[in-house]
Structure formats: C-alpha cells, structure tokens
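The values are calculated or read from the model by the stated rules, or taken from the named source; none is laboratory data. What you see is a predicted model; the values in this text were computed from it and never measured. Methodologically, a virtual Cβ is constructed for each residue, glycine included, from the backbone with ideal geometry; neighbour enumeration extends over all protein chains shown.
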Amino acid sequence: MADKRNEGSNAMAEKKINPIRETDEAARELGHKLVAGAHYGALGVIEPQTGMPLVSRIAVACDPKGQLIFLASELSFHSKALALDGRASVLLGEPGKGDALAHPRITLIGMIERVDASLDERDELRGIWLERHPKAELYIDFGDFHFFRLALERAHLNGGFGKAFVLSPGDLGMPGAGVAGQ
C-alpha cells in the first residue's frame with residue numbers, strides 16, 4: 001500500500017504545473033502600467049546588523065529612461081542598509097475593492113544606488129519628482145535627502161489569480177542592471 005502512495009506522489013511531482021506563464025504583450029503592458037503609474041511602493045532591503053529583511057513604504061517615480069527612482073534621507077534605516085548592500089526589491093500596485101490579492105502587483109528586483117548629487121541629472125530628477133510629489137518641496141533640498149535609482153535585474157508580475165510572469169528589464173522598456181546610468 002505504501003508503495004502505491006509513493007508512486008502516486010512521485011507521479012504528481014512529475015506533473016507539477018509551472019505557475020509562471022510565458023510573458024506576452026498583455027503582461028508587458030500591465031507591468032509597464034504598474035511601474036509608470038505608481039506613486040508609492042514597499043522597499044525591501046537587507047538589515048545590515050542582522051541580515052533580516054526590512055521593508056519601508058517609499059514614494060516613487062520614474063526617470064526619463066523609465067527606471068524607478070525614490071527620494072530618501074540618508075538618516076533612514078533603508079538608506080543606511082542600501083549604503084552597505086544595494087540588493088533590494090520594490091513592490092508596486094495598489095489594492096482596490098474586494099480581495100486585495102486579486103489586484104495586480106509587481107515586484108522589481110535589482111540593485112539600488114544613490115544618484116550622485118553633483119550630476120546635472122539631479123535637477124532633472126528634482127523636476128520629475130516635484131511634478132509627481134509636490135509636497136516634497138518642503139524637504140527635497142535638505143542636505144540629507146538623495147535620489148536613489150533601481151537597476152532592474154528582473155520583475156515578478158502577479159496580474160491576478162493564476163497570472164504570474166517573470167519580466168526582464170526589456171519587457172518593461174528599462175535598461176537592465178549594469179547599464180543603469182547609460
């Protein structure tokens with residue numbers, strides 16, 4: 001009897017269905033829409049003292065190349081963590097009415113680096129940021145606030161129940177990791 005159960009579980013293991021669908025144009029469009037339309041997200045970093053994950057809510061926008069940026073104080077826990085280890089992920093997507101898990105969301109995974117404040121680019125990012133987050137005018141020019149940029153390696157898109165995809169930077173119209181500043 002035990003042999004029959006093992007045979008059955010082995011057969012089931014061989015028949016496992018991959019929950020990740022093949023990336024199609026609809027997935028690319030949804031992923032791009034979630035990134036471009038996001039105002040806020042959840043940033044996950046690695047806490048340097050413990051190696052444990054640390055998640056913070058952040059305001060976000062996209063730079064002219066479509067890369068995710070955010071503004072943060074160097075005094076924050078997440079900025080201090082990123083200074084030591086740039087590996088991070090950002091979850092974007094707002095729940096609507098009903099089951100929050102039925103609404104689309106995307107997790108961006110990559111390396112986050114602080115944007116050099118001496119670059120002329122900061123002025124451009126400042127304008128983009130204030131257009132998206134006008135109340136940041138109160139603190140955007142404080143000396144401890146800096147822009148950070150995600151160099152995307154990959155993204156996990158959940159478009160709703162049974163709609164999971166892995167997207168590349170190219171799928172989202174972004175430069176990939178290693179070409180963040182190009």
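If you go through segment 159-172 and keep only what is in contact with a Gly (Cβ under 8 Å, 6 or more places away or on another chain) and either basic (K, R) or part of a strand (DSSP E or B) (or both), you end up with F165, L167. Scanning segment 121-139 for residues that are touching a residue at least 40 places away in the same chain (Cβ under 8 Å), touching a helix residue (DSSP H, G or I) at 6+ places or on another chain (Cβ under 8 Å) and surrounded by fewer than 17 Cβ atoms within 10 Å (Cβ to Cβ) yields one hit, A136. Considering (1) touching a helix residue (DSSP H, G or I) at 6+ places or on another chain (Cβ under 9 Å); (2) modelled with pLDDT of 95 or more; (3) surrounded by fewer than 19 Cβ atoms within 10 Å (Cβ to Cβ), the lone condition that P64 does not fulfil carries the number (2). Total residues in segment 71-90 satisfying the condition of being under 16 Å from L54 (Cβ atoms) and crowded, with 19+ Cβ neighbours inside 10 Å: the figure is 8. Selection over segment 61-108 of residues that are over 21 Å from L34 (Cα atoms) and either acidic (D, E) or not in a strand (DSSP E or B) (or both) gives a count of 13.
The single condition among (1) more than 18 Å from A38 (Cβ to Cβ); (2) in a helix (DSSP H, G or I) that I128 does not satisfy is (1). In segment 97-115, the qualifying residues are those that are at pLDDT 85 or above and farther than 25 Å from D171 by Cβ, and the one that is surrounded by the most Cβ atoms within 10 Å (Cβ to Cβ) is R114.
Taking each residue of segment 69-90 that is within 16 Å of D116 (Cβ to Cβ) and looking for partners that are assigned to a helix (DSSP H, G or I) and of a type in the set (A, V, I, L, M, F, W, C) with beta-carbon atoms closer than 7 Å, six or more apart or interchain, yields I69/L125; L71/W129; L71/A136.
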